[in-house]
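The values are calculated or read from the model by the stated rules, or taken from the named source; none is laboratory data. Nothing here was measured: the structure is a model prediction, and the numbers come from that model. In this analysis, Cβ positions are derived from the backbone assuming ideal geometry, glycine residues included, and neighbour counts consider all displayed protein chains.
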Amino acid sequence: MATQNTRTLARLMMAPSVVVLLIWMAVPLAMTLYYSFQNYNLLTPMNVSFAGFFNYQYFYTDPAFFQSIWNTLVLVVGVLAITVIGGTAIALLIDQPIFGQGIVRILVISPFFVMPPVAALIWKNMIMHPGYGVFADIAKFFGFQPIDWFAQFPLFSVIIIVAWQWLPFATLILLTALQSLDSEQREAAEMDGANFFNRFIYLTIPHLSRAVTVVILIQTIFLLGIYAEILVTTNGGPGYASTNLTFLIYRTARLGYDVGGGAAGGIIAVVLANIVAFFLMRAVGKNLDK
Amino acid sequence: MTLKTFLLGACSAVAFIATTASAETLTIATVNNGDMVRMQGLTSEFTKANPDIQVNWVTLEENVLRERVTTDIAANGGQYDIVTIGNYEVPIWAKQKWLLPLDGLGDKYDMNDLLPAIRGGLSVDGKLYAAPFYGESAMIMYRKDLFDKAGLKMPDSPTWEFIGDAARKITDRANDVSGICLRGKAGWGENMAFISALTNSFGGRWFDEKWKPQFDQPEWKASLKFYADLMKDAGPAGASSNGFNENLTLFQQGKCGMWIDATVAASFVSNPKDSKVADKVGYAIFPSKEGVNNHGNWLWSWNLAVPASSKKAEAAEKFISWATSKEYTALVASKEGWANVPPGTRTSLYKNADYQKAAAFAAPTLAAMDAADITKPTVKPVPYTGGQFVAIPEFQALGTTVGQLFSAVIAGQSTVDDALAAAQATATRDMTRAGYIK
């Protein structure tokens, strides 16, 4: 048991890292907050002035604003659905004793090692391209007109690419969870006459629920800020069809060189992400307390 | 410290400063286009003649270059001694005092040899702020064999009506040949370059004299509808993601009957090493609309300029003078052949018999460049300069947003009317914020 002294010492020793972390977080946030109230455009840097809430109003009334929030949610939910369901299925498969299990497992998790822009480039030019892509070749082989994925289903295409990248993560977490399932429990259920589906529903799924929670929490954090895949493939278009909140901020700040507007967008995004996190923690985070 | 050691020390310090000053290193930011990469390869010729100057290259893709250079210059970062910028940026940046005027290019430079349209676009108050490395306008490149097969003949001054009919006639979906390939990828320098030039030739304009956006006018409706219909009937698959490079590949592979784009493309499509159709390409001037006497007025150049933050202006101007001189052109010609010299900047090049012989596209290129007038891009009066762009700082963001809206039309995600209404709304909003509309 720690004495008063050791506790004080521990606090003192932790203090530097806490201060560094605080600065690490606080300074950029404070600067973003500051610039969000300034009229500051890089192209006319001499005309900096106080803007009040105008930047916020400007960002919020952007014609793409509501669609970008909707797209952000669709992206997160879509990718989560695919990765959780697909991840469970693949985890169940590669948990079976099969020939070449080690190699199969490495292959399954390998997409996770590909950097997002590279993955997006490959999907764009070699797989989904309506002229040269693999999908187009398949379509032509069966006598169909190739689909122009990024023009006709832009958001769906981005979801596919992102899901492909995050599937290994979900699979890996779920596979470790599966392997921690007590085999005696499984055998007992089997002896009691439970078939595969019953075992899956009444034993495996409850057992996986905590792992699924972890997957959902971690992925949501990353998926709210998807950017590289959109930049490389659709550039937020056609129209605003695949513009998410991150991309809208990029467009404002970097394409328009509008630092004030971009900062305001950043603050709005932080607030919205915290709302999502709050509900997420309440809805699924409960699982972690058990 | 005795006086002697002090003097010795002072002398060596002066000597040290003198030697570092005599070997200056220029940092040059440039775009990864073929002509610039070639210039990089030939740099040793420059450093041989100027042993006191070293050159350090930063070569980037166009969008990245623009972002980095703009940020550096706007924040007065001083990373670069020479930057490669377009004629869109030059007048805007010169007015912001971000560039140094180029008055030390030397007596041999022959400034009067620069094409008037190009030189005008790079000057503010009569002073040159950037030296053109290569320049371009836009024209039609078409397949003579496909035209013959369809019984068509390209007129001297084609109209859009003719181009539309011809494109639909040539289209051969079974053999994967599209009648016409045009830019569809969103971006102010991508699809909006073409669409703005097209609309100029339809008599439309971006803004009226009071900076009110004009997307609600009949000219825009006519031009955008023409473009969207044409792309649907005779364009390639995936048109909404095709830019200059994608269309270049398609044309080189024989998959386009026509392509209307930058004149610099001519040397690529007529190069037998890369192009399957090299010997079948014909050239014609940018189309106009029946009853509207205006061709596209597309004018672009990539130029070298010295940021005001550079402390090595003298050496920088020396390099610029070398890279944009007649001697440099002759150097490229001697190493790579006349067809590969940077085009579109000097009158003397187009008078050169060797060049005319080596480049079948020389005469149509010059005609296209001479036809361009960025001070009068369209028949109605405008408050801005620029042919396929509007030379105001806000245009980059606005042009790209509008480009997105229009690319949605050919992707089949939006109608012409909806896209124009959205463009009108967003342009009005942006122009009001920037203070143009009171």
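Among the residues making up the stretch A:122-134, those that are of a type in the set (A, V, I, L, M, F, W, C) and crowded, with 16+ Cβ neighbours inside 10 Å are A:Trp123, A:Ile127, A:Met128. Filtered by the rule that a residue be within 18 Å of A:Thr72 (Cα to Cα) and away from every other protein chain (no Cβ under 12 Å), the stretch A:121-163 gives A:Phe156, A:Val158, A:Ile159, A:Ile160, A:Ile161, A:Val162, A:Ala163.
Restricting the stretch A:250-264 to residues that are within 16 Å of A:Met31 (Cα to Cα) and hydrophobic (A, V, I, L, M, F, W, C) leaves a set whose member that is farthest from the other protein chains (Cβ to nearest Cβ) is A:Ala263.
Here is a check on your reading of the model: is A:Ser49 polar (S, T, N, Q) and away from chain B (no Cβ under 14 Å)? Here the answer is no, as A:Ser49 does not meet what is asked. Under the condition of being in a loop (DSSP other than H, G, I, E, B) and more than 9 Å from every other protein chain (Cβ to nearest Cβ), the residues counted in the stretch A:204-249 number 6. Taking (1) touching a Lys or Arg at 6+ places or on another chain (Cβ under 6 Å); (2) more than 14 Å from every other protein chain (Cβ to nearest Cβ) in turn, B:Ser241 satisfies each apart from (2). Assess whether B:Ala363 counts as being in contact (Cβ under 8 Å) with a residue 24 or more places away in the chain and either not β-branched (Val, Ile, Thr) or not in a helix (DSSP H, G or I) (or both). No. Tallying residues that are under 27 Å from the mean Cα position of the chain (by Cα), more than 7 Å from every other protein chain (Cβ to nearest Cβ), aliphatic (A, V, I, L, M) and within 17 Å of B:Trp206 (Cα to Cα) within the stretch B:403-436 yields 6. Of the candidates B:Ala323, B:Ala308, B:Ala313, B:Ala397, the single residue that is within 14 Å of chain A (Cβ to nearest Cβ), over 30 Å from B:Thr426 (Cα atoms) and touching a Leu at 6+ places or on another chain (Cβ under 8 Å) is B:Ala308.
The single residue among A:Gly261, A:Gly266, A:Gly239 that is modelled with pLDDT of 90 or more, farther than 17 Å from A:Pro116 by Cβ, surrounded by 21 or more Cβ atoms within 10 Å (Cβ to Cβ) and over 20 Å from the mean Cα position of the chain (by Cα) turns out to be A:Gly261.
Test B:Asp229 against the criterion of being surrounded by fewer than 23 Cβ atoms within 10 Å (Cβ to Cβ), touching a helix residue (DSSP H, G or I) at 6+ places or on another chain (Cβ under 6 Å) and closer than 26 Å to A:Asp148 by Cα, and give yes or no. In short, no. In the stretch B:238-271, which residues are touching a residue at least 12 places away in the same chain (Cβ under 8 Å) and polar (S, T, N, Q)? Of everything in the stretch B:238-271, those that are touching a residue at least 12 places away in the same chain (Cβ under 8 Å) and polar (S, T, N, Q) turn out to be B:Ser240, B:Ser241, B:Asn242, B:Asn247, B:Gln252, B:Gln253, B:Thr263, B:Ser267, B:Ser270, B:Asn271.
Restricting attention to the stretch B:397-438, which residues are assigned to a helix (DSSP H, G or I), of a type in the set (Val, Ile, Thr) and farther than 18 Å from B:Lys185 by Cβ? Matches in the stretch B:397-438: B:Val416, B:Thr426, B:Thr428, B:Thr432.
Here's the yes/no breakdown for (1) within 30 Å of the chain's Cα centre (by Cα); (2) within 14 Å of chain B (Cβ to nearest Cβ):
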site	(1), (2)
A:Leu12	no, no
A:Ala26	yes, no
A:Leu42	no, yes
A:Asn55	yes, yes
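Going by what's in this entry, would B:Thr345 be described as more than 9 Å from every other protein chain (Cβ to nearest Cβ), crowded, with 23+ Cβ neighbours inside 10 Å and among the β-branched types (Val, Ile, Thr)? Yes.
So that you can scan it fast, the table gives a plain yes or no per residue for (1) touching a residue at least 12 places away in the same chain (Cβ under 8 Å); (2) crowded, with 16+ Cβ neighbours inside 10 Å; (3) within 13 Å of chain A (Cβ to nearest Cβ):
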residue	(1), (2), (3)
B:Asp52	yes, no, no
B:Glu62	yes, yes, no
B:Ala94	yes, yes, no
B:Lys97	yes, no, yes
B:Leu100	yes, yes, no
B:Tyr109	yes, yes, no
B:Leu122	yes, yes, no
B:Lys127	yes, no, no
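In this structure, is A:Val77 in contact with a helix residue (DSSP H, G or I) (Cβ under 7 Å, 6 or more places away or on another chain) and surrounded by fewer than 16 Cβ atoms within 10 Å (Cβ to Cβ)? Criteria not met by A:Val77.
Listed here are the residues, each with its yes/no results for (1) out of contact with any strand residue (DSSP E or B) (no Cβ under 6 Å at 6 or more places or on another chain); (2) in a loop (DSSP other than H, G, I, E, B).
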residue	(1), (2)
B:Glu246	yes, no
B:Leu250	no, no
B:Gly254	yes, yes
B:Ala266	yes, no
B:Pro272	yes, yes
B:Ala284	no, no
B:Gly291	yes, yes
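What residue, of B:Arg68, B:Arg143, is of a type in the set (Lys, Arg) and either within 16 Å of the chain's Cα centre (by Cα) or crowded, with 19+ Cβ neighbours inside 10 Å (or both)? Exactly one of B:Arg68, B:Arg143 is of a type in the set (Lys, Arg) and either within 16 Å of the chain's Cα centre (by Cα) or crowded, with 19+ Cβ neighbours inside 10 Å (or both), namely B:Arg143. The condition (being among the aromatic types (Phe, Trp, Tyr) and either within 14 Å of chain A (Cβ to nearest Cβ) or under 24 Å from B:Ile437 (Cα atoms) (or both)) is satisfied by just one residue among B:Phe251, B:Phe202: B:Phe251. Within the stretch A:37-54, being in contact (Cβ under 8 Å) with a residue 24 or more places away in the chain and part of a loop (DSSP other than H, G, I, E, B) holds for A:Phe37, A:Tyr40, A:Leu42, A:Leu43, A:Ala51.
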